Each structure stands twice: as structure tokens, then as C-alpha cells.
Amino acid sequence: MSPRENEKSHRRKKEHYFDYSLLFIIIFLVCFGLVMLYSTSSYNGQVKFGDSTFYLKKQLMATLLGIVAMLIIARIDYHFWERFTLVAFLLAHILSAAVLFVGSDFNGSKRWLKIGPISFQPSEFAKLAVILFLALVISKVSKKIKQFRTMMMVMALCGPIVALVGVNNLSTAIIILGIAVILIFVASPKYMQFIIIGLGGSVFMGIFIYLEKYRAERLKIWLHPENFDKGYQTLQALYAIGSGGILGKGLGESMQKLGFVPEAQNDMIFSIICEELGLFGAVSLILLFILMIWRFMIIANNAPDLYGALIVVGIMGHIAIQVILNIAVVTNSIPNTGITLPFISYGGTSALFLLSEMGLALSVSRQVKLEK
């Protein structure tokens, strides 16, 4: 083989690189999530709908759709999405605004748009749109991002979507804001500027919380859940965690999921994991998420350009923030905010867009050059 042919062959190998380690972690988390979802939701499904597999079937359909989307997106050059980024970002604003006027209410939260038999949560789409939009914007102004003025202008671009989502879904607004801060910090790691932004953000969040009575009440419930009726869910989740011990009661053997932890298949599913699989299962799951974040870091560090690196960093930030906040809520380390556990909690919209994000990360990994 001639040197030229050898070079072409070598280049083709690089172009077809694929992060199978990340793919394995994703598939394992998805399968584990479906198993735990069935274990957690079978009682509620039987009582409410007469079908113990009700939640599992709905989640499985969304997951299969998400896997198809992930595999398709993974094979498309991530630069392809640049031309649709602004449209997606504007659409996220429109859909989030629509929720305020024609949104469907579920368990006291107005977060869904209903189109026929399909319920859709625009805030999940907003996370993906923000990641793509900020990755594009920051990569375009990367030479000026270290200037405080430019940094604040980029942050201001997220203001409207954070406000629209935050009206009915404060937890998702916090995640979107966290993604923005992480992306800007990676592009311009100036600590003092972020300390100033953090202090300003804390003041803003304090005012935002106390403007609504129910938000301030959550702080009181967090400090003394035993004194409030709304602290019942938190207390039952803590009982589930405590009763699991080191190795747990065994898969399917939870008592707290039998109506004691309300809607256990949603944001409190981690407490049932602790009860059935114990500290060992909980730590193993956390380590798996850490392994996933490590793979994101590897891909981002070796991405062919800043745009690709920022996409992966945004996805990494999203997963990390959501996992940390969910576990902190379940263990009552922070006030209850209704944040789901990625790939594990029930939620079709969440599963679809999380797997779409994974497709983007895998798409970037396909262009990673391992050799210098």
C-alpha cells in the first residue's frame, strides 16, 4: 500500500471512531431505569389503571423512539444542526409561553402541552435548544467571551427562556441557568466574574422565591418536614432510604412504593432504589453517572472544534446538575423541587430528549481524533 493510500485509510478509521463505552453506559442506564420503573410503578399502575405495566409500556414506547432518534442523530454531523439552532431556540420560547396560556395541569403543576392523546413537556425541549444555541453563540464570540460585557450579554440571551420556564417550573429554570453558567465558564474560566454573577444570581433567586408564597413555604417544609402535611413525601422517602440498609430488601420488595411515597415512579424513584438495592445499589448508580460524565469530558477534550466541545459540555452539565439536584432533593439536602432522575424516572418527553442529547454527544465522538 502506498503512503497516500495508507493516509486515506488512516483518515477513514478516524472518521468512523465511535464511543462505545458511552453507548454501553447509556443502554445500561436505560435498561436499569425500565426495570426500576416497573418495580416502582407496578402498584400504582394496578390501583389507578388496573394495569401493573401501564407506566412501563408508556415509558418503553418513548424510550424506543428516543433510541431511534439517538442512533439517527449520532450518524449526522453535528454541524448540520447549526442551521436549525435559532429556529429551535425561538420555538422553545413559543412553546414555553404557550404552556402559560393553554398548558395542562397535572398534580398542581402546569407544565404540559396536550396535543390529542399526546402530552408534551416543552421545558425538556428547551434544555436541548439552549445547549445548541449557547454552544453556537459562544463558539462565534469565543475571542470576546472573556470580556465581562460579552459574558453578561450571552447570559442575558437566556433570560427570557429562564423566566418563561421558571413561572411554572422553577427546577428546570435552575437547570437551564446552570447549563448556561457552565458553558460560559468553560469558555472563559475567570473565577471573580463568576463569583459576582453567583452573588447576583443568589439575590435574584431569593427575591424570586419569596414573591410566591408556595416557594417560600418549601423552605419551611425542607427545614421541618414533620410539621407540614406537604412534608409527607419527603419523610416517606427518607424512611425508604433508611430501611434499605447496605444491600437493600431485594428487587421488588419495597414497602414504601405501596402508596406511602406518592408518585414514587417520578422524582422520588431514587428512594425506592435505595430501599430495594440498598446503599450498594445507590452508590453503584451514582458511580455509573460519574463514569458517564467522565466519558463526556473525554469527548469534549478531544472534540475537533469549540462548537462540538461546548455541545458535549452542555449535555454533561445538564446530566450532572439534574442527578445532583434529584439525589439532594430525595435525601432532603435541599428543598423539594420536583426534578427527575435522568434515564430512571418516569417521563416520556424527558426520555426522548435525553436520548437525543446522547445522540449529539455520540455524533461529536465520531469526529474525535485520538492521535495528535
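The values are calculated or read from the model by the stated rules, or taken from the named source; none is laboratory data. No experiment lies behind these values; they were computed from the predicted model shown. In this analysis, Cβ positions are derived from the backbone assuming ideal geometry, glycine residues included, and neighbour counts consider all displayed protein chains. Heavy atoms of the whole protein, side chains included, go into the accessibility calculation; ligands, DNA and RNA do not. Shrake-Rupley method; radii C 1.70, N 1.55, O 1.52, S 1.80 Å.
Computed values, structure above
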{"read-out": "Some residue of segment 279-287 being modelled with pLDDT under 90 and either crowded, with 18+ Cβ neighbours inside 10 Å or under 17 Å from Val330 (Cβ atoms) (or both)", "value": "no"}
{"read-out": "Neighbours by Cβ (under 7 Å, 6+ apart or cross-chain): first from segment 241-269, outside any loop (DSSP other than H, G, I, E, B); second among the acidic types (Asp, Glu) and at pLDDT 90 or above", "value": "Ile241/Glu275; Ser243/Glu275; Gly244/Glu275; Gly244/Glu276"}
{"read-out": "Test result for Ala328, of a type in the set (A, V, I, L, M), under 25 Å from Lys220 (Cβ atoms) and surrounded by fewer than 20 Cβ atoms within 10 Å (Cβ to Cβ)", "value": "yes"}
{"read-out": "Residue list for segment 58-115, restricted to those being assigned to a helix (DSSP H, G or I), surrounded by 19 or more Cβ atoms within 10 Å (Cβ to Cβ), over 19 Å from the mean Cα position of the chain (by Cα) and not hydrophobic (A, V, I, L, M, F, W, C)", "value": "Tyr78"}
{"read-out": "Residue ID - surrounded by the most Cβ atoms within 10 Å (Cβ to Cβ), chosen from residues in segment 163-183 that are more than 19 Å from Ile311 (Cβ to Cβ) and not polar (S, T, N, Q)", "value": "Val165"}
{"read-out": "Considering residues of segment 230-255 that are of a type in the set (S, T, N, Q) and touching a helix residue (DSSP H, G or I) at 6+ places or on another chain (Cβ under 6 Å) only, the residue most open to solvent (accessible area, probe 1.4 Å)", "value": "Ser243"}
{"read-out": "Residues of segment 135-162 that turn out to be open to solvent by 10 Å² or more (accessible area, probe 1.4 Å), more than 25 Å from Ile327 (Cα to Cα) and in a helix (DSSP H, G or I), as a count", "value": "14"}
{"read-out": "Residue match in segment 259-269 (condition: over 18 Å from the mean Cα position of the chain (by Cα), surrounded by 19 or more Cβ atoms within 10 Å (Cβ to Cβ) and not polar (S, T, N, Q))", "value": "yes"}
{"read-out": "Of all residues making up segment 317-340, the number that are free of Cβ contacts under 8 Å to residues at least 40 places away in the same chain and within 21 Å of Ile27 (Cβ to Cβ)", "value": "3"}
{"read-out": "Condition broken by Tyr55, with the remaining ones in (1) exposed (fewer than 13 other Cβ atoms within 10 Å of the Cβ); (2) farther than 18 Å from Lys127 by Cβ; (3) modelled with pLDDT of 90 or more satisfied", "value": "(1)"}
{"read-out": "Residue check for Pro342: in a loop (DSSP other than H, G, I, E, B), at pLDDT 90 or above, closer than 22 Å to Thr234 by Cα and open to solvent by less than 30 Å² (accessible area, probe 1.4 Å)", "value": "yes"}
